[in-house]
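Presented below is the structure to which this report refers.
The values are calculated or read from the model by the stated rules, or taken from the named source; none is laboratory data. What you are looking at is a predicted structure, and each value in this text was computed from that prediction instead of being measured. Cβ: placed from backbone, ideal geometry, glycine included. Neighbour counts: every protein chain shown. Just so you know, the surface numbers come from the protein's heavy atoms only, side chains and all, with ligands and any DNA or RNA stripped out. Shrake-Rupley method; radii C 1.70, N 1.55, O 1.52, S 1.80 Å.
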Amino acid sequence: MHELSITQSIVDTARERAAGRPVHRIHVRAGKLTAVIPESMQFCFELIVEGTEMAGARLEIEQPEGRAHCSKCNTDFALPDLVLLCPCGSAEVSVTGGRELQIVSMEVG
Amino acid sequence: MCATCGCGHPHELLVLEEKVLAKNDDLAAHNRAWLTERNIVALNLMSSPGSGKTTLLERTVTHMGDARKVAVIEGDQETSVDADRIRRTGCAVVQINTGAGCHLDASMVHGALHELDPGPGTLLFVENVGNLVCPALFDLGEAAKVVVISVTEGTDKPLKYPHMFAVADLILVNKIDLSPYVDFDLDRCVAYARSVNPNVSALAVSATTGAGLDAWYEWIGERR
């Protein structure tokens, strides 16, 4: 359940940046190739903010798809999991998307 | 007026675009710089519970003898059982209990480093909490990540837990002495691991009998 400590980091950062102002919305990007389950993150968020000044804030989780580039056939393709294989059969593949784990923005005031 | 909550106040949008784990990563970088300065090689050992990490460490520490200073940071949810086992080999050890926590993070290792205060040139093992998911996400400041899997766990482990195998620098397939008794295909297991991590090294060992451990010691010797 690493989502608990990850979500705690998000709340800590948001609280720090809000500097006492009420927080309405936090926008997070968690790529589909990270080992983060959005439902777990949402669940942990509710638990962490309950009874605090951040209760009522919304957590929005954007989930970019996994993307990769094959250097053999020089194409970009969707990567549904971490198995680094191009539809052309090549394993000369680099991941270009889906590994993001970022706090994008937040609404305060 | 605010469109999202209708409260009547203008809300301010703060654009952050920062990594969620930025604090952990910064502290891990601090640990890494500290370790490098002292020429300390730190290896982060990760696996599911019961793969034989502690037995492997006991054997490795004993093998090193007086040839190289070794220290260990033990991570477990509860008890100091593993630290006690390592201590009996005469090695410096600090136990971290994470309680409900399922992984070590850079801050816990930072605290343990202060307590342990390893001398220059030390070989430092960090035995992570037994868990094939969560520890994969947290950089501790180590020089390399070693993932241990035992033959009793099944050939397809790397496909079931791809995140862990994707971050490994070395995979140790342990309990190889038990292969005649279990349905485990070493070549296929390593091929699965390489499907998510094409250049990862893999060694088959038995921490109990000592089989294959010379290659492990050689691999350690090559880490700088």
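Scan A:ALA91, A:ALA35, A:ALA68, A:ALA78 and give me the residue that is touching a Leu at 6+ places or on another chain (Cβ under 9 Å), farther than 30 Å from B:HIS9 by Cβ, surrounded by fewer than 17 Cβ atoms within 10 Å (Cβ to Cβ) and of a type in the set (Gly, Ala, Ser). Quick ask: steps written out before the conclusion?
Numbers: A:ALA35 fails: surrounded by fewer than 17 Cβ atoms within 10 Å (Cβ to Cβ); A:ALA68 fails: surrounded by fewer than 17 Cβ atoms within 10 Å (Cβ to Cβ); A:ALA78 fails: touching a Leu at 6+ places or on another chain (Cβ under 9 Å).
Result of the check over A:ALA91, A:ALA35, A:ALA68, A:ALA78: A:ALA91.
Hand me the list of strands (runs of 3 or more DSSP E) wholly inside region B:1-107 holding 3 or more residues that are away from every other protein chain (no Cβ under 14 Å) and farther than 29 Å from A:ALA18 by Cα. Spell out the reasoning first.
Details: elements: B:12-19, B:41-47, B:70-76, B:92-97.
Qualifying strands (runs of 3 or more DSSP E): B:41-47, B:70-76, B:92-97.
Please enumerate the residues belonging to region A:61-102 that are assigned to a strand (DSSP E or B), within 14 Å of chain B (Cβ to nearest Cβ) and out of contact with any helix residue (DSSP H, G or I) (no Cβ under 6 Å at 6 or more places or on another chain). Walk me through how you get there before you give the answer.
Keep residues of region A:61-102 that are assigned to a strand (DSSP E or B), which gives A:61-62, A:67-70, A:75-78, A:93-97, A:101-102.
Checking the rest, the ones that are also within 14 Å of chain B (Cβ to nearest Cβ) come to A:61-62, A:68, A:70, A:93-95, A:101-102.
If the condition is that a residue be assigned to a strand (DSSP E or B), within 14 Å of chain B (Cβ to nearest Cβ) and out of contact with any helix residue (DSSP H, G or I) (no Cβ under 6 Å at 6 or more places or on another chain), then A:GLU62, A:ALA68, A:CYS70, A:VAL93, A:SER94, A:VAL95, A:LEU101, A:GLN102 are the ones that fit.
Taking region A:44-60 on its own, how many of its residues are in a loop (DSSP other than H, G, I, E, B) and within 13 Å of chain B (Cβ to nearest Cβ)?
The total comes to 2.
I'm trying to understand the selection: among the residues of region A:1-16, which are surrounded by 17 or more Cβ atoms within 10 Å (Cβ to Cβ) and in a helix (DSSP H, G or I)?
Selection gives A:GLU3, A:LEU4, A:SER5, A:ILE6, A:THR7, A:SER9, A:ILE10, A:VAL11, A:THR13, A:ALA14.
Which of the residues spanning region B:117-129 are surrounded by 17 or more Cβ atoms within 10 Å (Cβ to Cβ), away from chain A (no Cβ under 14 Å) and of a type outside the set (Asp, Glu)? Break it down into steps so the answer makes sense when it comes.
Step one: filter region B:117-129 for residues surrounded by 17 or more Cβ atoms within 10 Å (Cβ to Cβ), giving B:118, B:122-129.
Restricting the remaining residues to those that are away from chain A (no Cβ under 14 Å) gives B:118, B:122-127.
B:PRO118, B:THR122, B:LEU123, B:LEU124, B:PHE125, B:VAL126, listed by residue number.
For region B:143-156, which positions are open to solvent by 30 Å² or more (accessible area, probe 1.4 Å) and touching a helix residue (DSSP H, G or I) at 6+ places or on another chain (Cβ under 7 Å)?
Scanning region B:143-156 gives B:THR152, B:ASP156.
Among the residues of region A:43-65, how many are exposed (fewer than 14 other Cβ atoms within 10 Å of the Cβ) and more than 25 Å from A:GLY97 (Cα to Cα)?
8
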